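Reviewing the structure listed below.
Quick note: the coordinates plus some simple rules give every number you see, no bench work behind them. Just so we're clear, the structure is a prediction, and the values are computed from it rather than from any experiment. Every residue, glycine as well, gets a Cβ built from its backbone with ideal geometry; the counts of neighbours run over all protein chains shown.
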Amino acid sequence: MEAKGGGAGGEGEEEEEEEEEEEEEEEEEEEEEEEEEEEEEEEEEEEEEEEEEEEEEEEEEEEEEEEEEEEDEEEEEEEEEEEEEEEDEEEEEEEEEEEEEEVEE
């Protein structure tokens, strides 16, 4: 009887060990899952940051393009004004010449 009892006791210890091992495995799995989740979260955050940076860069580029366009427009306006002034001057000169010719006649 004692041998059987001892055997049963031994089996109980084995079961306990198995349970402990299972618990340890479960804990390890949980830890791994948590680590994976953390890594995923970090990756998502990094991706979001990258996207934000890209958006900011795009906005800056757009602003620069707009500024360049405005500068181009201003230059064009200045050129047009200069051309108009030149035309006005030419007209004045022509008028003066005509007046001089009339006076000479």
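Remark: the range 42-50, residue by residue, has Karplus-estimated 3J(HN,Hα) of 4, 4, 4, 4, 4, 4, 4, 4, 4 Hz, where x stands for each Gly or Pro and the curve is 6.51 cos²θ - 1.76 cosθ + 1.60 at θ = phi - 60°. When only the Cβ of Lys, Arg, Asp and Glu is charged (+1, +1, -1, -1), the dipole of the range 28-105 relative to its Cα centre reaches about 540 debye. Calculated FRET efficiency, GLU100 to GLU73, Cβ-Cβ distance, R0 = 41 Å: about 0.50 to the nearest 0.05. Between GLU58 and GLU81, the FRET efficiency estimated from the beta carbon spacing at R0 = 22 angstrom works out to 0.05.
For the chain, take the convex hull of the Cα atoms, compute a quarter of its surface area, and give me that in nm², please.
Working: hull surface 25.6 nm².
About 6.4 nm², averaged over all directions.
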